[in-house]
Amino acid sequence: MYLHTHYFMDPRRPAGRLEIVTIVLSALAVFFMLIFWLVYVIAIPMRSGEPWMLGVTGLLLLFAAMPCMLIAQFQGRRREWLRCSGFPVQGRVVRVTHHPSVSYGNQRHPWTVLCEYRYEGRTYTARSTFLWDEPAGSTAKIFLDRDRPGQAWVDPKSLQYKINLR
């Protein structure tokens, strides 16, 4: 079902905490491997320690980033599949949550919305991915899997946002 969809993480606007962790771990791994290459291959002197420690640290960071990347890719493919093949329903925004503890680059802190929707007489909830602009609307378009109606994705393009004039 999800195997034929493609998803590419947007490093400018991560969809969640796991994508931020993946980006940070990957960047640190590249940094340590680059420093290892500069110290070991070009023979830049070090004050203390062994140059191979930098390479090992880079590899460990890369191995830590790989499962995060795989899980984030699976979640992204699931969202993409729901966007393309899911059944659209109208939902109502129940709660808007601001995440001041999450910071990424020079962007403001992200928001998420919790939406409630009905399908075949039952009520379900779905949480959005990170929204980098403050949502203001009370309705949202939700795409759900008909076989598992609890699996749903909130379309961020269907939300209304506050306009901040600075």
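The values are calculated or read from the model by the stated rules, or taken from the named source; none is laboratory data. Keep in mind the model is a prediction, meaning the values are calculated, not measured. Here the Cβ is made from the backbone with ideal geometry for all residues, glycine too, and neighbour counts use every protein chain on show. The area values use the complete protein model at the heavy-atom level, side chains included, leaving out ligands, DNA and RNA. Shrake-Rupley method; radii C 1.70, N 1.55, O 1.52, S 1.80 Å.
Taking the solvent-accessible surface of protein heavy atoms with a 1.4 Å probe, what is the per residue accessible area of the range 13-52 in Å²? Mind showing how you got there, number by number?
Values: 2780 Å² over 40 residues.
With all protein chains present, the range 13-52 gives 69 Å² per residue.
Charges only on Cβ, +1 for Lys and Arg, -1 for Asp and Glu: so what's the dipole of the chain about the Cα centre, in debye to the nearest 20?
Approximately 500 debye in magnitude.
Using a probe of 1.4 Å on the protein chains alone, the accessible area found for F32 is around 50 Å². Tell me which of A140, H109, H98 sits at the most positive position along the dipole axis of the chain, charges placed on C-beta atoms (Lys, Arg +1; Asp, Glu -1). Final value for the positive-end residue is A140.
R108 contributes about 80 Å² of solvent-accessible surface, heavy atoms of the protein only, 1.4 Å probe.
Can you pull the percent of the range 95-166's accessible area that's carbon plus sulfur, 1.4 Å probe, other chains left in place? On the range 95-166, the fraction of accessible area on carbon and sulfur atoms equals 46 percent. Across the chain, the relative contact order, built from alpha-carbon pairs under 8 Å that are at least six residues apart, equals 20 percent. In terms of accessible area, using a 1.4 Å probe and ignoring ligands and nucleic acids, Y161, Y104 rank largest first as Y161, Y104. Using heavy atoms of the protein chains and a probe of 1.4 Å, the accessible area assigned to M66 is about 90 Å².
One decimal place: the segment R146-M66 gains 25.7 nm when fully extended, by the rule 0.36 nm per residue minus the C-alpha distance.
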